[in-house]
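Undergrad: My questions all concern the structure below.
The values are calculated or read from the model by the stated rules, or taken from the named source; none is laboratory data. As the structure is a prediction and not an experimental result, all values here were calculated from the model. Using ideal geometry, Cβ is built from the backbone for each residue, glycine included, and neighbour counts are taken over all protein chains shown. Protein only, heavy atoms only, side chains kept; ligands, DNA and RNA dropped before computing areas. Shrake-Rupley method; radii C 1.70, N 1.55, O 1.52, S 1.80 Å.
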Amino acid sequence: MGALTAVGFLPAVPTVWVAEGLLGYLPAAAEEHLLRRIHQLSAVGSRLALDRFAALDRLASDTATLERLSRRSGVEARSLFNTEPRPHPAQWLYPNGWTVREDDDTEIAGRYDRDLTDPFTGQTTRPWLDTRFLTAELSRR
């Protein structure tokens, strides 16, 4: 916390935390540590936004998807993702005073009238994986 407070972070004031494009690459223990630290540094009224792959556990054995992602990105996808089993983030957030909402990528796209056409194939599809967007607010300590 010292580095944050040194640059003006005020732990008594609600803040917004964004962990976009991160959880699927972290080991399970690091994900839980991140949630704990965010909670420790959050005042009531703080908000959290993150995205997660809904089927990360299945990704490890889904060779076809990993190969497709590797071709599309030019990076060996199997080496990027951490597919360790982990609980849903809400299982940690709810009992610690956070209210949670989760939407999938197609719901979010529809809400903002976004086109999900794959730029690589021209087909309407999910952009990468079955992604869920979670927003939470710390409502009690």
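Undergrad: On a 1.4 Å probe surface of the protein chains, which of Asp105, Asp113 comes out largest in accessible area, and what is the full order? Intermediate values should be presented prior to the final figure.
TA: Details: Asp105 10, Asp113 140 Å².
If we order Asp105, Asp113 from most to least accessible, we get Asp113, Asp105.
Undergrad: Quote the Stokes-Einstein diffusion coefficient, in whole µm² s⁻¹, for the chain, based on the Kirkwood radius over alpha carbon pairs, a temperature of 25 °C and a viscosity of 0.890 mPa s.
TA: Values: Rh = 16.7 Å.
My calculation gives 147 µm²/s for D.
Undergrad: For helix 28-40, report the angle its Cα long axis makes with the longest principal axis of the Cα atoms of the chain; keep it between 0 and 90° and round to the nearest 10°.
TA: On a 0 to 90 degree scale, this one is about 30.
Undergrad: What does the charge dipole of the range 40-128 about its Cα centre add up to, to the nearest 20 debye, if the Cβ of each Lys and Arg holds +1 and the Cβ of each Asp and Glu holds -1?
TA: Working: 12 positive and 14 negative charges, 33 e Å.
Dipole about the Cα centre, nearest 20: 160 debye.
Undergrad: Would you kindly find the accessible area of Leu50, with a 1.4 Å probe and non-protein molecules such as ligands, DNA and RNA excluded, rounding to the nearest 10 Å²?
TA: 10 Å²
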